[in-house]
1. Look at Arg394 and say whether it is of a type in the set (D, E, K, R), more than 27 Å from Leu199 (Cβ to Cβ) and modelled with pLDDT of 95 or more.
2. All but one of (1) buried (at least 21 other Cβ atoms within 10 Å of the Cβ); (2) away from ligand 2 (no atom under 16 Å from the Cβ) hold for Cys543, so report the exception by its number.
3. What's the total number of residues in the range 338-382 that are over 19 Å from Gly401 (Cα atoms), under 11 Å from the mean Cα position of the chain (by Cα) and hydrophobic (A, V, I, L, M, F, W, C)?
4. Go through the residues of the range 498-521 one by one and say whether even a single one is in contact with a strand residue (DSSP E or B) (Cβ under 7 Å, 6 or more places away or on another chain), at pLDDT 90 or above and within 16 Å of ligand 1 (Cβ to nearest atom).
5. Can you give me the number of residues within the range 550-572 that are of a type in the set (D, E, K, R) and under 20 Å from Val526 (Cβ atoms)?
6. If I filter the range 349-398 down to residues being in a helix (DSSP H, G or I) and of a type in the set (Phe, Trp, Tyr), which single residue comes out as farthest from ligand 1 (Cβ to nearest atom)?
7. In this structure, is Gly601 touching a residue at least 40 places away in the same chain (Cβ under 8 Å), in contact with an Asp or Glu (Cβ under 6 Å, 6 or more places away or on another chain) and of a type outside the set (Asp, Glu)?
8. Ser323 is checked against (1) in contact with a Leu (Cβ under 8 Å, 6 or more places away or on another chain); (2) away from ligand 1 (no atom under 16 Å from the Cβ) and fails just one. What number does that condition carry?
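The values are calculated or read from the model by the stated rules, or taken from the named source; none is laboratory data. Note that this is a predicted model, so its numbers are computed, not measured. Heads up, the Cβs are rebuilt from the backbone with ideal geometry, glycines too, and the neighbour counts pull from every protein chain shown.
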Amino acid sequence: MEQQALWDDAHAERTEASPTRGSMSVRTSRARSRRELSEPEGAATVGAAVSPPVLASIAVGRPVRGEFTYSVPDALAGHLSPGQRVLVPFGRGTALGFYLGPASPPAEEGVKLKPIQRVLEDSPSLPKDLIALLRFAAVHYRYPLGEVIRGALPPGLSKAVDEKEAKPDVQLFAVALINEVPPELHRAPAQSAALAYLLAVGGRAPLEEVSHAIPGARETLKKLAARGMARIEEKKLEAGVKDGLMQGRPERLTREQDTSVTELRAALDTGEFQPFLLHGVTGSGKTEVYLRAAEHALAQGKGSLILVPEIALTPQLVGRFRSRFGAEVAVLHSALKDRERLFHWQALRRGDVKIAVGVRSAVFAPVDNLGLIVVDEEHDPSFKQEEKLRYQARDLAVVRGKQANAVVVLGSATPSLETLENVRRGRYRLLELKNRVDDRPMPTIELVDLRVERPREGVVTEEAPILSPPLLAAMEETIGRGQQVILFLNRRGHSTVLLCEVCGLSLKCSECDVCLTHHRSQNRVVCHYCGLAMPVPERCTECTGPLLKLGIGTEKVEAEVLERIPTARVARLDRDSATSAERLTEMLASFARRELDVLVGTQMVAKGHDFPGVTLVCVVMADTSLAIPDFRASERTFHLLTQVSGRAGRGKDPGRVLVQTYNPDAEPVRRVLAHDFDGFAKQELDWRKALAYPPYSRMAAIRLEGEHPEQVASVARHLGNLVSRHMPPASAGVRLLGPALAPISRIRGKTRWQLLVKGPTHASLAPLLGRMEAALGDLPSGVKVVIDVDPGAML
Ligand code: ADP
Ligand code: ZN
């Protein structure tokens, strides 16, 4: 079952789409709704004119699907370039449009076409490769093209007004005047956090960025300035200023880094699309490889696009890029102000700034003359957007690389199975960093079998200790040596289940089909899906029986550490404790300064942190993510365990990892213990193949939700029938799973259903998805239905 690559699909779908492109009132896509067929009436009549008018294909900035054909008035003939923003008549009024290219005359005779009214800018806001990408995204993810484009553009360009130059605004920058956070600041956590962030990102950053990372930083930085530790300066928001504290550029690359960099340079020299996987163990120096590749691209006058999962958790990477390339770098995070987004857009578009470092949405950044795209931690689930246009930024990065003839580097210590399969099929070239920098050893990983260490006897009243004797001993020893410990558990709160001792019911959210978690620090029970919180009930709400507090969250782990090792300095890092980015940064900084011995946390501690003092990492319970009803549960567990293990032993002292589990035989656990990435991947791929799951098939989820359970169910069944009626012959290998209630059947009072379709290729699913897309317009408004192509989470 050889499937096409996403970028092959890109071409297939595009060429397939163009012949059907119709008149302005007819959409390109195969799907047509009644509403749109009765769209506005035209003015010019094709065929009646002596010489046929020039026709233009336009994406309209409205929630409508497909492309529209307009006529080009004489005054504009020859003056349009693809990507240009125009004003077009639409419905009863006008709308923002994007000129995409010439259109062929509509198939039907006598169709009236309206003319483009005027252009809104001289040079196009959208570069060519980006138009291709957005068009691809609209078709592939079944989302209205106009919305796709509007979502990608900064607000200043997404309205039907003439382009305004983002004035080279005066922007405030914070500059650190010292190289480290001095001890005297340790009693002023806010100041210390602001300074720590500034130092982490290279010593100089726009004030707005620091305030985004650390709310209240404006005031704090003034205090730091008064102490002579920082300076606030006004700078025109402009390109080309190169300063900030330089972070070292290593003189010598490791042998493996050197090999990878050489290959990437050669690839950049060809000026052709070449995708790579950089598979480098944790601590192997992947960032330096990205930096050297970007240097080479820059030397050729080409731009680079660097995608990272989350800016607040990766200030070190941002800092390294900024200190190497200075103001050649635009940092694109989710909290940019409209004005800044517009400024960065235009600066990148003009080629004044050549490097963009950003989160998922930066895949649409208009980097000029794009030479290199890097996706760091390519396995990270955050690259998938779970609303509106449900795109996978890593996949789009590869498609964009193909369209822009760029080199694409997907980097990870734990590549996704999709990417590995692309390597196996020879589509991506493999670059490997098998060793850590300076030949530091990988940490040793040991198992703690909780069935032996934490036996459950009889009725569970009092839970067994969370920290098993071996784990406790290892912690005490590590702290005794003055080294640091990370404790990882992927669950927030204190107790995760409140169970009635009499009737056995567990306390659930009234709006969602999930258990409430007890948060002792807030003295409340909280729903992790809708945020509903209430006082902790004394007794069962059904039968007034006494409630047992079961299940472990990070709060309980923290409490137990404090109880068992009273001298330890402990902090907890999860979404409850890191309520503000200020606290997050301060906690990470404080841990880095070694003011803390133990950091307890969720996956936030598993990200790319580089703490040389950490020599012990403990996984409190490896089992939590194993049982999730998702075909990627095993893979996700393996990734998390490997990533968190990778935090140990990054300094000069070797690292040790202890994994507590009730499932020592579970595949991901066994393989992590053996450092056996390849073995895990092979086993998991075999399993996926046997069950025809991605990467051996393509999937799409049709997700429904609505207030009235009966209505949602009936729409789900209706769509299920529709799919069944149009199913290709069994030999095509297309399958429908469902309709069924979603694993979490209710969130925020809305009942959720889903259908899954699965087929060998995207092309095999396309006709079915086309039917679905067409059906969307005719469904009752009380049920929201979305198509999620290549879904991430299955919940
Ligand atoms: P990874 O992302 O692969 O886990 P990093 O890129 O964070 O690893 O690198 C790990 C550490 O090694 C960083 O502190 C980095 O500055 C350092 N480093 C990277 N390359 C070199 C080199 N060639 N020489 C010395 N130190 C290096
Ligand atoms: Zn809820």
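1. So Arg394 fits the description; yes.
2. (1)
3. Here the count works out to 0.
4. Checked the range 498-521: no residue is in contact with a strand residue (DSSP E or B) (Cβ under 7 Å, 6 or more places away or on another chain), at pLDDT 90 or above and within 16 Å of ligand 1 (Cβ to nearest atom).
5. 4
6. At the first step, the residues of the range 349-398 found to be in a helix (DSSP H, G or I) are 349-350, 360-364, 381-383, 393-398.
Narrowing the set further to residues that are of a type in the set (Phe, Trp, Tyr) leaves 364, 383.
Values: Phe364: 25, Phe383: 17 Å.
Of everything passing the filter in the range 349-398, Phe364 is farthest from ligand 1 (Cβ to nearest atom).
7. Working: touching a residue at least 40 places away in the same chain (Cβ under 8 Å): yes; in contact with an Asp or Glu (Cβ under 6 Å, 6 or more places away or on another chain): yes; of a type outside the set (Asp, Glu): yes.
So Gly601 passes the test.
8. The single condition Ser323 does not satisfy is (2).
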